[in-house]
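First comes the structure, then the notes that go with it.
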Amino acid sequence: DGRATDELRPLSAEVGYLATAHGSGLFQRGETQVLNVTTLGMTRMEQLIDTLNPDNRKRYMHHYNFPPFSTGEAGFMRGPKRREIGHGALAERALLPVVPSKEDFPYALRLVSDVLSSNGSTSMASVCASSMSLMDAGVPIRDHVSGIAMGLVHAEGRYVTLTDILGAEDAFGDMDFKIAGTHDAITALQLDTKIDGIPADVLAQALSQARVARLQILEVMRAAIAEPRPDVNENAPKILSFEIPVDKIAEVIGPRGKVINALQEETGTDISVDDDGTVGTVSIAATDREAIVEAKRQVQLIINPPTADLGATYEGRVVNITKFGAFVNLMPGTDGLLHISRIGGRRRLESVEEVLNLGDSVRVVVDDIDRNGKISLVMADDADGGAGDGDSDPASAVFGRTDSGGRDGGGRG
């Protein structure tokens, strides 16, 4: 195409190409054009890997698509082929060293590179587009990563290194050397050769020539976006993670997920709890940061619940109904028993549902707290006038206590 052996094709870079995506980057080098889209999710959306590899999860995923129209052809668009899987793996490895750890950035990341037009080295264009897409999504990567494909022509004992090879130069040349890295380091290499061997000085020349090209590409990428955005995109979930004691996980989840489901419904967040055997990790996601803060506050109240005050009045919610009464949630992690004899005033009830139903709000007064921390309640409206004419004391009915001090009462007469 008339270029010098160390000359790049025209470059262009753009971010925010898709307004509704969490992050997007469009990179073009000559006739090769790649659009990358970043999607952020909770860590429980990590890919599960069932192989002999000791790593059974992958939170950073890079998928590469090479549709027929990118080379001006018509064809079926089925599942990924060997070439697409390989190119996606190469781009993934090139970017993985700059991706922040789960502790610093508690997200699962899925990047999809779609080749819109191809004429040489779409895998390295995917690296460039992905780096810009990550920064556009607000992922705090350490630095930009750029990539370039180098070629080689060997004839009559001479070696000529080519920068930014075309598809034809890849097909008819003697080497395809893909190099990706930051300004200071190389993060990925892939070398395919059609000759028996390559002298060390030729490889050194190729690496040196590639560095010059990569730095030129980095300048164009930095002109589009120089550093990660200060926060994730408004369309992306905001995720907060923090650790809790393992023995508190059951309290946060609740029986059959009752507590965590109620928290999610009330705050409009998505909450997950993970356990590695030594510590529990709570992840809270929502598009509204205030909802995340409220959900975290309620989880912390469950972990370190405040104590109810004797004689205090609370606006509670009925969370469970039994034959002998209703359990009322006073605050996160704290429930009290409202005995059936203290619900109907002076009426004797056959069932709690005659007055209260699950989910009802009710004003109650803390009447008693036993030495085990179990709380007995009375209706606030009845607190001044007593519990009515019920036959039994709620504490004795539920906890086996009587005024006589014994479990069986004061004698059998």
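The values are calculated or read from the model by the stated rules, or taken from the named source; none is laboratory data. These numbers were taken from a predicted model, which means no experiment stands behind them. Because the Cβ atoms are built from the backbone with ideal geometry, glycine has one as well, and the counts that use them run over all protein chains shown.
Figures for the structure shown
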{"read-out": "Filtered residue count, the stretch 19-54, keeping only those that are surrounded by fewer than 18 Cβ atoms within 10 Å (Cβ to Cβ) and at pLDDT 95 or above", "value": "0"}
{"read-out": "Positions within the stretch 241-263 being under 16 Å from the mean Cα position of the chain (by Cα) and surrounded by fewer than 17 Cβ atoms within 10 Å (Cβ to Cβ), in sequence order", "value": "Phe242, Glu243"}
{"read-out": "Pair list, Cβ < 6 Å and 6+ apart or interchain, from the stretch 202-213 residues that are part of a helix (DSSP H, G or I) to residues that are surrounded by 15 or more Cβ atoms within 10 Å (Cβ to Cβ) and polar (S, T, N, Q)", "value": "Gln205/Thr161; Ala206/Thr161; Gln209/Thr161; Gln209/Thr163; Ala213/Thr163"}
{"read-out": "Single residue of the stretch 337-377 satisfying the filter (of a type in the set (S, T, N, Q) and crowded, with 19+ Cβ neighbours inside 10 Å) that is nearest to Asp309 (Cα to Cα)", "value": "Ser376"}
{"read-out": "So Ile186, is it without any contact (Cβ under 8 Å) to a residue 60 or more places away in the chain and within 28 Å of Ala108 (Cβ to Cβ)", "value": "yes"}
{"read-out": "Some residue of the stretch 125-146 being of a type in the set (S, T, N, Q) and surrounded by fewer than 22 Cβ atoms within 10 Å (Cβ to Cβ)", "value": "no"}
{"read-out": "Helices (runs of 4 or more DSSP H) enclosed by the stretch 66-176 - at least 2 residues per element that are closer than 22 Å to Thr39 by Cβ and either at pLDDT 90 or above or of a type in the set (A, V, I, L, M) (or both)", "value": "82-95, 122-136"}
{"read-out": "Members of the stretch 144-156 found to be touching a residue at least 40 places away in the same chain (Cβ under 8 Å) and more than 21 Å from Thr122 (Cα to Cα), listed by number", "value": "His154"}
{"read-out": "Looking only at the stretch 250-294, and only at residues there that are touching a residue at least 60 places away in the same chain (Cβ under 8 Å) and among the polar types (S, T, N, Q), the one that is farthest from Pro106 (Cα to Cα)", "value": "Ser272"}
{"read-out": "Complete set of residues in the stretch 276-314 that are assigned to a strand (DSSP E or B), within 23 Å of Ile369 (Cα to Cα) and of a type in the set (S, T, N, Q)", "value": "Thr313"}
{"read-out": "Residues (in contact (Cβ under 8 Å) with a residue 40 or more places away in the chain and more than 18 Å from Ser70 (Cβ to Cβ)) located in the stretch 15-39", "value": "Val15, Gly16, Thr20, Ala21, His22, Gly23, Thr38, Thr39"}
{"read-out": "Every residue from the stretch 64-99 that is without any contact (Cβ under 8 Å) to a residue 60 or more places away in the chain, surrounded by fewer than 17 Cβ atoms within 10 Å (Cβ to Cβ) and within 20 Å of Val139 (Cβ to Cβ)", "value": "Ala89"}
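Every residue, every condition in (1) touching a residue at least 60 places away in the same chain (Cβ under 8 Å); (2) in contact with a Pro (Cβ under 7 Å, 6 or more places away or on another chain); (3) not assigned by TED's automatic domain parsing to the domain that holds Val273, yes or no:
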{"position": "Ile321", "(1), (2), (3)": "no, no, yes"}
{"position": "Gly325", "(1), (2), (3)": "yes, yes, yes"}
{"position": "Leu330", "(1), (2), (3)": "no, no, yes"}
{"position": "Leu338", "(1), (2), (3)": "no, no, yes"}
{"position": "Ser341", "(1), (2), (3)": "no, yes, yes"}
{"position": "Leu356", "(1), (2), (3)": "no, no, yes"}
{"position": "Asn372", "(1), (2), (3)": "no, no, yes"}
{"position": "Asp381", "(1), (2), (3)": "no, no, yes"}
